[in-house]
Amino acid sequence: MGKYEVGKIVNGVVSGVENYGIFVKFDEYYSGLIHISEISTGFVRDPSHYVKIGETIQVEILSVDEKLGQLKLSIKNITYQEKTIKRKKKIVETPHGFQTLAYHLPFWIRENLENKQNPNKSY
């Protein structure tokens with residue numbers, strides 16, 4: 001049995017990020033790729049949203065090629081990916097919706113027109 005075995009979770013350093021996946025370096029001989037399909041169970045638009053080059057991450061080993069020193073890796077089934085997903089805050093509509101904007105818009109337009117006509121006037 002080698003140092004790296006299928007199913008084992010190990011630490012590695014991100015050595016590169018491409019649109020198709022993340023490259024991870026382990027030692028002088030072994031390196032691996034986390035294919036974009038193995039980053040998350042959801043849609044992945046850009047792998048660079050999950051890791052930064054030089055960052056140490058935990059990965060799961062899917063397969064090992066001893067002869068070439070290459071590993072196929074995954075992070076979608078371990079907790080690492082959960083903390084790295086950047087979620088946007090949901091926009092919540094107020095009860096008044098656009099009514100406030102509709103109410104203030106004529107005043108803002110009039111004020112802006114007055115400012116253009118009298119640029120030296122201070123408010």
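Some points to look at:
- Of residues in region 74-87 being modelled with pLDDT under 70 and part of a loop (DSSP other than H, G, I, E, B), the one farthest from the chain's Cα centre (by Cα): T79
- Looking only at region 16-43, and only at residues there that are within 23 Å of V6 (Cβ to Cβ) and either aliphatic (A, V, I, L, M) or within 13 Å of the chain's Cα centre (by Cα) (or both), the one that is surrounded by the most Cβ atoms within 10 Å (Cβ to Cβ): I34
- Filtered residue count, region 48-67, keeping only those that are crowded, with 21+ Cβ neighbours inside 10 Å and either touching a Gly at 6+ places or on another chain (Cβ under 9 Å) or in a helix (DSSP H, G or I) (or both): 2
The values are calculated or read from the model by the stated rules, or taken from the named source; none is laboratory data. Quick caveat: nothing in here was measured; it's all calculated off a predicted structure. Don't worry about glycine lacking a Cβ; one is built from the backbone with ideal geometry, like all the others, and counts go over all protein chains shown.
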